[in-house]
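Below: one structure, written as structure tokens.
The values are calculated or read from the model by the stated rules, or taken from the named source; none is laboratory data. This structure is a prediction, so every number in the text was calculated from the model and none was measured. All Cβ positions, glycine included, derive from the backbone under ideal geometry; neighbour counts span all protein chains shown. Calculation scope for accessible area: heavy atoms of the full protein, side chains included, ligands and nucleic acids excluded. Shrake-Rupley method; radii C 1.70, N 1.55, O 1.52, S 1.80 Å.
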Amino acid sequence: MNGINSREHRIIAAAFDKFDAMSLVFSYVLEDSQESEIREGMESLEKLYEKYNKLYGELEKCIKEYEGKKKRVRMAVNRGNRKMISELQKNPPLLNL
């Protein structure tokens, strides 16, 4: 899974900030539809980036929880297996042949 590159996002956000500042001075250069397309695109990009960061945080939390539970379950399974192996060695079952 590839993530969103934060550095690249900051670069495009900075480029948009520059666009935003220049568009105040040179509002006559672009057609309204072009400017609107750029602004809507950046707004959409920002929302997706925020959503990605939120989901990434949730994923990290899930991974941490999973790893902790896996460790506890593994310890319990291994402990149970050791007890049963010990019991097997003390009292081997009779095989019905």
(message) Step by step: first the residues of the range 24-72, then only those that are open to solvent by less than 100 Å² (accessible area, probe 1.4 Å) and of a type in the set (Lys, Arg), then the one that is farthest from Glu8 (Cα to Cα). Which residue is that?
(response) Lys70
(request) Answer with yes or no whether Ser86 is exposed (fewer than 10 other Cβ atoms within 10 Å of the Cβ) and assigned to a helix (DSSP H, G or I). (result) no
(request) Could you look through the range 1-23, keep only residues that are touching a residue at least 24 places away in the same chain (Cβ under 8 Å) and assigned to a loop (DSSP other than H, G, I, E, B), and pick out the one that is most open to solvent (accessible area, probe 1.4 Å)? (result) Ile4
(message) Let me confirm something: among Val73, Val25, which residue is modelled with pLDDT of 95 or more and out of contact with any helix residue (DSSP H, G or I) (no Cβ under 9 Å at 6 or more places or on another chain)?
(response) Val73
